[in-house]
Structures are given as C-alpha cells and as structure tokens.
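Data block below; observations after.
Where a number appears in this text, it was derived from the coordinates with a stated rule and is not lab data. All values derive from a computational prediction rather than experimental measurement. With ideal geometry, Cβ positions are generated from the backbone for all residues, glycine too; neighbour counts draw on all protein chains shown.
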Amino acid sequence: MKEFFDVNNAFFSLLGYSMSYIEFTGVVFGLIAVWLSAKAHILSWPIGIVNVVLAAILYFQVQLYPDMFLQVFFFVTNIIGWWRWANPKPGEADKEKELKVSYMKKNQLLLAAVIAIAGTFLLGQFASNLHEWFSNIFSKPSAYPYVDSFITVMSVLTTFYMIEKKIESWVIWILVDVIATVLYYVKGVKFYSVEYFIFTIIAAYGLLHWIREYKSYAQQKA
C-alpha cells in the first residue's frame, strides 16, 4: 500500500513520462468530480473528497506546500458543499429540490479582488519561509511560492462561491486552471497538468451550463 502513495513508484510510462499510481488515480477522481460539478450533480462532493486526499499526499512530495494545505481546506468544504446543495433554504430549491444557481453581487466581486491580491502576497511570504521555519518537515524551499499561493487563494475563494452555486465561480476556476496547467507542467507532474487543462475545458462548459440553468428558472415560472 505504501508504494501506491509514492510519487516515484511508476504505474506506467506514456510518451517518456513515468506515471505514478497516486497521480493517475487522483487525476481520474478529480476529472469525475469536476465534470459532475459542471453538471450541478451533488455526487461531485463525495468523489471530490477522495481526490483531495490523494492530491495532498502528491503535493507534499513535489514541494507544492500551499497546494498541499489547500487540500485540507477542500476536504472540509467538500463536506460542507455536499450538505449545502442537499439542504437549500426556503425559496432556494430547484426542481430537483437542490440549491439553485445564482449570480454574485457587485460587492462580492470587489471583495474577491481585494482578497486575491492581499491573500496571494501574505501566503506567498509564508510559503517562501516554510523551509526555514519548519525545516524538519519541509526540507526543500517551496516551488514558485507566489504563483502557487495565487492558485491556493483563488481556489479557496471560488470554492465558497461553488458551495453557494454562484455562476462566477466558473470564471475564477478557468483562470486558476490555466495557471495550474502551466505550473504543474513546469514542476514535472505532467498528468496533473493535462488534468488541469481538461479542467479548463470542463469549467468553460460548467459556466455555460449554469447560465442556461439560471435562465431556465424564468421559463419555469412563465
């Protein structure tokens, strides 16, 4: 079992790239979870829990520490999101008796921009010093701490918006996924890079699907 979680333990090789068991399995569960999210399907949350556990173990091994910490957050929010979608407040339920999609307010968008800038700077500073402050745990410096921190901060923000089924969450995910695609390729976890490229496509689909679903509410009232 220990070998399964080792990023250096090859499952197979593809075009000269050695694929580990944990990377392959994590990518598969991640793709399924995001596709179900794009379809606004509630099973995206429990499947996402499996994905984040595998991802946390992988990120630790490739020194992407902010991303590793992010998975702890995702573990908790997957549970919260699962409950929130299944238990809408009065007036929030769709025809499936699950939470409706909706748009963000202008003040929420402004707050998101402020948090993105401040959060990236603060977390980037923290990540840059992890190997000095906690050298017994983090033996190597954080790789690309500010880029990685931006991904972390924006992922945290948009997860809250995803829990509330805000349509703009997909716009943020598209930005995060594009940056992550490049970062993971540079760090050598290329299958995860491919995964995030596919995430970008799914996020674009999710954006369009949720917009159509929002418009369908007006048709249902007519």
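Inspect the stretch 170-179 for any residue being under 17 Å from Trp35 (Cα atoms) and not hydrophobic (A, V, I, L, M, F, W, C) and give the result as yes or no. Scanning the stretch 170-179, I find at least one residue that is under 17 Å from Trp35 (Cα atoms) and not hydrophobic (A, V, I, L, M, F, W, C), so the answer is yes. Residue pairs whose Cβ atoms lie under 8 Å apart, sitting 6 or more positions apart in sequence or on different chains, and linking a residue in the stretch 54-67 that is on the phi > 0 side of the Ramachandran plot to a partner that is surrounded by fewer than 18 Cβ atoms within 10 Å (Cβ to Cβ) and in a helix (DSSP H, G or I), do not occur here.
List pairs: first residue in the stretch 23-46 and among the small types (Gly, Ala, Ser), second residue crowded, with 18+ Cβ neighbours inside 10 Å and not in a helix (DSSP H, G or I) anywhere in the structure, Cβ distance under 7 angstrom, at least six positions apart or on different chains. Within 7 Å, the pairs are Ala40/Val101. The set of residues in the stretch 38-48 that are more than 11 Å from the chain's Cα centre (by Cα) and part of a helix (DSSP H, G or I) comprises Ala38, Ser44, Trp45, Pro46, Ile47. Suppose the filter is under 26 Å from Trp45 (Cα atoms), out of contact with any His (no Cβ under 9 Å at 6 or more places or on another chain) and not in a loop (DSSP other than H, G, I, E, B); does Ala112 pass it? Judged against the criteria, Ala112 is a match. Just one residue in the set Lys100, Lys140 is among the basic types (Lys, Arg) and surrounded by 13 or more Cβ atoms within 10 Å (Cβ to Cβ); that residue is Lys100.
Residues are listed down the side, and each one gets a yes or a no for (1) buried (at least 17 other Cβ atoms within 10 Å of the Cβ); (2) within 14 Å of the chain's Cα centre (by Cα); (3) free of Cβ contacts under 8 Å to residues at least 40 places away in the same chain:
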| residue | (1), (2), (3) |
| --- | --- |
| Ile163 | yes, yes, no |
| Glu168 | yes, no, no |
| Val178 | no, yes, yes |
| Lys187 | yes, no, no |
| Arg212 | no, no, yes |
| Lys215 | no, no, yes |
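Taken together, the residues in the stretch 14-58 that are in contact with a His (Cβ under 9 Å, 6 or more places away or on another chain) and of a type in the set (Gly, Ala, Ser) amount to 2.
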